[in-house]
Amino acid sequence: YKEMSVAYRPSHADATYDAKYGVRAIAGGGRSSARETIGRVAAGAIAKTLLREVAGVEIVAWVSSVKDVVVPEGAIDYDTVSVAEVEESMVRCPVEEVSDKMVKAIDDIKRQRESCGGTVTCVVRNCPWGLGSPVFDKLEAELAKAMMS
């Protein structure tokens, strides 16, 4: 953990938490720690299973861009793409040739000791009608709030 005492970790919330709250968890146990988020990940996995088994809802998400590598429009059929296809890729991109380019882009950035952005696309199939509210609590807003908290 010595390196973390002098430099923020790329792709972590260390710098944000330090700037906003004045808290620096050098040992890695802070609010942005995987040890803190594992409960939400487990709850999400249970919720996803219940939604599928009880309501027939299917949720599939994949990485659609990394840095300047983007899945071309129309390369993924939103009606048929499966979790199995997504899971075949190290970077969770179901288009093999794009996935390979994403891995290369990440490796290049990593060698430079930098980080980069990306995009995740999510499709929900068989979503029941009437979820969310028309103004402030729209389904997309609720999903974004859940993912970003």
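The values are calculated or read from the model by the stated rules, or taken from the named source; none is laboratory data. For clarity, every value in this text was computed on a predicted model and none was experimentally measured. When we count neighbours, we look across all protein chains shown, and the Cβ atoms used for this are built from the backbone with ideal geometry, even at glycine. Keep in mind that these areas ignore ligands, DNA and RNA; they rest on the heavy atoms of the full protein, side chains included. Shrake-Rupley method; radii C 1.70, N 1.55, O 1.52, S 1.80 Å.
Screening Val120 on (1) in a loop (DSSP other than H, G, I, E, B); (2) in contact with a strand residue (DSSP E or B) (Cβ under 8 Å, 6 or more places away or on another chain); (3) open to solvent by 70 Å² or more (accessible area, probe 1.4 Å); (4) not basic (Lys, Arg) shows it passes everything except condition (1). Residues of the range 98-115 include none that is assigned to a loop (DSSP other than H, G, I, E, B) and within 26 Å of Glu140 (Cβ to Cβ).
For Ile109, the conditions (1) under 19 Å from Lys48 (Cβ atoms); (2) modelled with pLDDT of 85 or more; (3) surrounded by 11 or more Cβ atoms within 10 Å (Cβ to Cβ); (4) not polar (S, T, N, Q) are fulfilled apart from (1). Would you check if Glu142 is closer than 30 Å to Tyr17 by Cβ, in a helix (DSSP H, G or I) and without any contact (Cβ under 8 Å) to a residue 60 or more places away in the chain? Here the answer is yes, as Glu142 does meet what is asked.
Of the residues examined, Val86 is one that is part of a helix (DSSP H, G or I) and open to solvent by less than 70 Å² (accessible area, probe 1.4 Å).
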